[in-house]
Amino acid sequence: MEKIVIEGKKKLSGEVNVGGAKNAVLPIIAACILNDGENTISNVPDLADVRTMMKLLETLGAKCEYADGELFVNSKTIDRYKAPYDLVKTMRASVLVLGPLVARFKKAEVSLPGGCAIGERPIDQHIKGLRILGASVQLEDGYVSAAAEKLEGTTVPFDLSTVTGTENIMLLASLSEGETVILNAACEPEVVDLANALNLMGAKIEGAGTDIITITGVSSLGPLRDYRVMPDRIEAGTLMIAGALNESDLVIKDCRFEHLGALTGKLLQTGTEIEKNGDSIRVRGSGEIRSIDFSTLPYPGFPTDMQAQMMILMCVADGMSVITENIFPQRFMHTAELRRMGADIKLVGNSAVVRGVAEIRGAPIMASDLRASASLVLAGLCGTGRTEVSRIYHLDRGYEKLDEKLRSVGAGIWREKE
């Protein structure tokens, strides 16, 4: 097992590239189940979660090959319909195979995802959508067993906005009969990326990116050819905050400014300088960081996946900040580790009250989940002395070689064996 070691307080300067989006590529890989051909996807990040999804499809019978950012999936050989617990427990996005398996084979058996470090994340809306479209669903021995003789399009009114729920029903409805309308659909860019990929396969999806998505079912879908996954807006946002620390000056390349509006607006309020130039964003940290309040909301609001990273900036800002977590109220596990570094954070319900301190200090700290691990790396960058971050397998689930990217722009960061 490895840990990341950081010598803090170094100014970052230079250019760094953003990779493909983890939260976009996983449902696109699952979409390959819907056809019986050879699929190729590019700009695929080399991540633990991507390898888990590949292994899951191989368990179903598919053949997957990955090299240099390109993924090949032959879904013609799929002949099994069970997603086992030992894979699903390692990655909640595994539930995305449920919709396409029922759509193509009219049956599926997928393990319930189980617990999650950032709080309860139920799949009741997924099950609701399956039943509305005509599938019978049973919960037995920790598995969701679904079967359908016929899937008919209709209106699916979600009780709340759910990204994976929206994606699962889009996948299911693509091969259903008639028209399906998803109400209260998630608007995230990753949902749009999946819709774009499905439409290239022959699906008929309109309205992705709004809260009403219409899917006109087709009888079959063709393979996905040379589809390029969108850039990862959460990786881009994490790098933007790195640029805001230590009076750094970073150019973040291969990203989409339009996906980063809520974060950009808040960073500007802190005094950070931000310039857009095509598909690049230049971020320059100021000598004085102003405290701000913010609340997490579904897209296009401030992303919950950036809450922990933005908190680091508030820990060294001038003044007091109130951070309200509306998506996953328990998503504050990183605060205990930040306090070990000298941060002044108090939790009140689903809010964190952060008082900026003159400095935070390096310390041995431990990651609890994916985005918390990124926040701890950022804390190490701006902390004095040496920081050691353990359990970095969380980081490798969603960030491709983040330590190498940061080192290339001047960070004192490397890996060591525990």
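Values in this text are rule-based calculations from the coordinates and carry no lab data. If you're wondering where the values come from, they're calculated on a predicted model, not measured in any experiment. Cβ: placed from backbone, ideal geometry, glycine included. Neighbour counts: every protein chain shown.
Would you mind checking the tilt of helix 233-244 against the longest principal axis of the Cα atoms of the chain, expressed as 0 to 90 degrees and rounded to 10?
Between the helix axis and the principal axis of the chain, the angle is about 0 degrees.
Under a cut-off of 28 Å between alpha-carbon atoms, report the lysines in cross-link reach of residue 82, not counting same-chain residues fewer than 8 places apart.
22, 55, 63, 106, 107, 128, 150, 204
Sort 64, 255 by Cβ crowding within 10 Å, fewest neighbours at the top. Don't skip to the end; give the middle numbers.
Numbers: 64 20, 255 24.
With the sparsest Cβ surroundings first, the list reads 64, 255.
Would you mind estimating how fast the range 22-228 diffuses translationally, via Stokes-Einstein at 20 °C and 1.002 mPa s with the Kirkwood radius over Cα pairs, in µm²/s? Don't skip to the answer; put the middle values down first.
Working: Rh = 16.5 Å.
Answer, rounded: 130 µm²/s.
Between helix 163-173 and the chain, what is the angle of the helix's C-alpha long axis to the longest principal axis, kept within 0 to 90° and rounded to the nearest 10?
Computed tilt is about 20 degrees.
Please go through the range 223-279 and write out the trypsin sites (Lys or Arg not before Pro) that DSSP classes as loop and that have at most 13 other C-beta atoms within 10 Å.
On the way: sites: 225, 228, 233, 253, 256, 266, 276; in loops: 225, 256.
Those satisfying the criteria are 225.
Scan the range 117-179 for GluC sites (Glu not before Pro) in coil per DSSP, keeping those whose Cβ has at most 13 other Cβ atoms within 10 Å, and list them by number. Intermediate results must be reported in sequence, preceding the final value.
On the way: sites: 120, 140, 149, 152, 167, 177, 179; in loops: 120, 149.
Passing both the DSSP loop test and the Cβ count: 120, 149.
Among DSSP beta bridges whose residues both lie in the chain, state the antiparallel percentage, nearest 5. Kindly include the intermediate steps, with their values, before the conclusion.
Numbers: 57 of 79 bridges.
Just about 70 percent of them are antiparallel.
Given the C-alpha centroids of the range 23-85 and the range 340-390, what is the distance between them in whole angstrom?
Each part's Cα centre sits 36 Å from the other's.
Counting other C-beta atoms within 10 Å, which of 305, 68, 159 has the fewest, and how do the rest follow? Write down the numbers at each step before the final one.
Details: 305 21, 68 7, 159 11.
In increasing order of surrounding Cβ atoms, one gets 68, 159, 305.
Quick query: amide H of residue 186 versus all other amide H atoms, modeled in the peptide plane; which residues come in under 5 Å with a sequence gap of 5 or more or a different chain?
Residues meeting the amide H criterion: 162, 166.
Mind checking the angle between helix 189-201 and the chain's longest principal axis? C-alpha axes, 0 to 90 degrees, to the nearest 10.
Taking Cα atoms only, the helix is inclined about 30 degrees.
So if I take the centroid of the Cα atoms in the range 253-316 and the same for the range 130-179, what is the distance between those two points in Å?
Each part's Cα centre sits 36 Å from the other's.
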